[in-house]
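Each remark here refers to the structure printed beneath this line.
The values are calculated or read from the model by the stated rules, or taken from the named source; none is laboratory data. Quick caveat: nothing in here was measured; it's all calculated off a predicted structure. Backbone-built Cβ (ideal geometry, glycine too); neighbour counts: all protein chains shown.
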Amino acid sequence: MSWTSLGNACRDIVLRIAGDKYRFLALIALSWQDIVGELLAERSTPEKYDHHILFVKVSNSTWLQELILIKPTIISRLNNNLDLQVNDIIFIVGSKHAKKYR
C-alpha cells in the first residue's frame, strides 16, 4: 500500500467518524494547510462551519488581519477545491486552549 493510499484511507475514516454534522468542518480542517499555506495554518484553526459560514480561531490580531486580507482567496479555494458553498469567514482571536464558543 502506498503512502498516498494510506493517507486517503485515513482521511476517509476521519470523514466517516465526523458524521453528517461535522463532515464539512472535518473536510476543511484536513485541507486547511493546503488552502491557506503552512505559515497561516500553524496560526489558525477552523472551529465551526454553520449555515455556510466558517468560524476560524486565530492566534493573535496580527495574523487575523493577514487572514482578513486574503479572505476572498480563502473562500474561493474552499469552494473550488472542496466543492463547498462557503459564503463568509469569521475570524476570532483566541488560543488553542481557550474555551470553544457556540
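Taking segment 45-73 as the region of interest, how many residues are under 19 Å from Arg23 (Cα atoms) and not aromatic (Phe, Trp, Tyr)? Before you say what the answer is, go through the steps one by one.
Here is the first cut: in segment 45-73, the residues under 19 Å from Arg23 (Cα atoms) are 45-57.
From what's left, not aromatic (Phe, Trp, Tyr): 45-48, 50-54, 56-57.
Of the residues in segment 45-73, 11 are under 19 Å from Arg23 (Cα atoms) and not aromatic (Phe, Trp, Tyr).
Pick from segment 33-67 the residues that are of a type in the set (A, V, I, L, M) and surrounded by fewer than 14 Cβ atoms within 10 Å (Cβ to Cβ): which of them is farthest from Ile89 (Cα to Cα)?
Of all residues in segment 33-67, those of a type in the set (A, V, I, L, M) come to 35-36, 39-41, 53-54, 56, 58, 64, 67.
Now restrict to residues that are surrounded by fewer than 14 Cβ atoms within 10 Å (Cβ to Cβ): 39, 53.
Working: Leu39: 18, Ile53: 6 Å.
It comes out as Leu39.
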Selection count, segment 71-92, where residues are within 17 Å of Leu39 (Cα to Cα) and surrounded by 14 or more Cβ atoms within 10 Å (Cβ to Cβ): 4
Of all residues making up segment 84-102, the number that are under 16 Å from Tyr49 (Cα atoms) and at pLDDT 90 or above: 9
Filter result (closer than 16 Å to Ala26 by Cα, in a strand (DSSP E or B) and not aliphatic (A, V, I, L, M)) within segment 41-92: Ser44, Thr45, Pro46, Glu47, Lys48, Tyr49, Asp50, Phe55, Lys57
In segment 51-79, the residues that are touching a residue at least 24 places away in the same chain (Cβ under 8 Å) and of a type in the set (A, V, I, L, M, F, W, C): Ile53, Leu54, Phe55, Val56, Val58, Leu64, Leu67, Ile70, Ile74, Leu78
